[in-house]
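A.B. asks: Can you read through this structure? Questions will come right after.
A short reminder: the numbers here are calculations on the coordinates, not readings from a lab. This structure is a prediction, so every number in the text was calculated from the model and none was measured. In this analysis, Cβ positions are derived from the backbone assuming ideal geometry, glycine residues included, and neighbour counts consider all displayed protein chains.
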Amino acid sequence: MAGHFHRSVAASENSDRDYAYRFAATSVVNGGGDDSHWWTITLSDLTLLLLGFSLLWYASAKVAVETPSPPQPLKTALSAAPPDFQFHAEAWQTVRDDWAEFVVSTGLKNDLDIESTDSEILLSLREAVPFASGKADLRLRALPVLEKVVGTLLVHANLSVAIGGHTDSLRIASAEFPSNWELSTARASRVARYLIAKGIHPARLSVQGYADYQPRNPNSTATDRRTNRRVEIRLFQKNSTEPKLNNRR
């Protein structure tokens, strides 16, 4: 009797174990009841999200590159540029004092006049220093003055120079210079060529000949005519507007 009972219990346990195995196998085959592969679903979702984000980022970046920015207004562009160094009254006074010392040291006090404002310096060199009468060849006596001009322009690279030739009212009529126009222009041009030969860029220079039509004094005496025969060299800020000292009467 006892042996029969033990066999019945063992048969029942085997039956339960077989049922559990079949249930587990069925669950694996049908995808139910087993969550050991949950991470594959999460990884798939994450991959799709990353792909969508990448596509969205690429599209927005492409639009940003292809969309041109509106043109910058000219006034704004100019104001954004770094300004050139501007001379102030103190700076001009320093340059003028330097030239005043030069005039004294070279003994040219009676032949080289210096005028200045807060934006320019005018050097008026009388004819006897740079040129012989009726000629446009530079004299050796003028070279120290022109070398000083070169030095000033090389130190202050933002300065420009305007050179004007002037004669008195006595007419000249030679094969080389048919009138005072040619003589005054030739003298100013000769000064400019010297500055260029010493390294000053031609774009910083301008040359004009005025003949006898802008005298400093009336041409009534020999002294006044000597004063009117001159070469004027105006140093000024290159973005200045109208000259204040050049060709003053």
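A.B. asks: Could you give the length gained by full extension between GLU101 and SER206, i.e. 0.36 nm per residue of separation minus their alpha carbon distance, to one decimal place?
C.D. replies: Working: separation 105, 0.36 × 105 = 37.80 nm, distance 2.66 nm.
My answer for the length gained is 35.1 nm.
A.B. asks: Give me, ordered by chain and number, the residues 5 or more places off PHE131 or on other chains with an amide H under 5 Å from its own placed amide H.
C.D. replies: Hits under the 5 Å cutoff: ARG139.
A.B. asks: Please give me, ordered by residue number, the GluC sites (Glu not before Pro) of the stretch 125-183 that lie in loop per DSSP and have at most 12 other Cβ atoms within 10 Å.
C.D. replies: Working: sites: GLU127, GLU147, GLU176, GLU182; in loops: GLU127, GLU176.
Listed in order of number, the matching sites are GLU176.
A.B. asks: Going by average Cβ neighbours within 10 Å, how do the peptides 166-174, 47-55, 216-224, 136-144 rank, with the highest at the top?
C.D. replies: Values: 166-174: 17.0, 47-55: 10.0, 216-224: 12.1, 136-144: 14.1.
Highest-to-lowest ranking by the protection proxy: 166-174, 136-144, 216-224, 47-55.
A.B. asks: Please give, to one decimal in nm, the separation of the simple spin-label points placed at ALA197 and LEU143, each 7 Å out from Cα toward the Cβ.
C.D. replies: 0.9
A.B. asks: Would you mind ranking PHE131, PHE177 by Cβ crowding within 10 Å, fewest neighbours first?
C.D. replies: Working: PHE131 24, PHE177 19.
Sorted ascending by nearby Cβ count, the order is PHE177, PHE131.
A.B. asks: Can you compute the FRET efficiency between GLU90 and GLU115 using 1/(1 + (r/R0)^6), with r the Cβ-Cβ distance and R0 = 22 Å? Round to the nearest 0.05. All intermediate terms of the calculation are to be shown ahead of the outcome.
C.D. replies: Numbers: r = 17 Å, r/R0 = 0.79.
E(calc), rounded to 0.05, equals 0.80.
A.B. asks: When the dipole is taken about the Cα centre of the stretch 89-237, and only Lys, Arg (+1) and Asp, Glu (-1) are charged at their Cβ, what size is it in debye, to the nearest 20? Could you put the intermediate results ahead of the total?
C.D. replies: Working: 19 positive and 18 negative charges, 104 e Å.
Using only the charged Cβ atoms, the result is roughly 500 debye.
A.B. asks: May I ask you to list the residues of the stretch 130-145 whose amide nitrogen lies under 18 Å from a point 7 Å from Cα along the Cα→beta-carbon direction of ALA175?
C.D. replies: Answer for this model: 134-137.
A.B. asks: Name the residues of the stretch 126-162 whose amide N is less than 17 Å from a point 7 angstrom out from the Cα of ASN217 along the C-beta direction?
C.D. replies: 126-129
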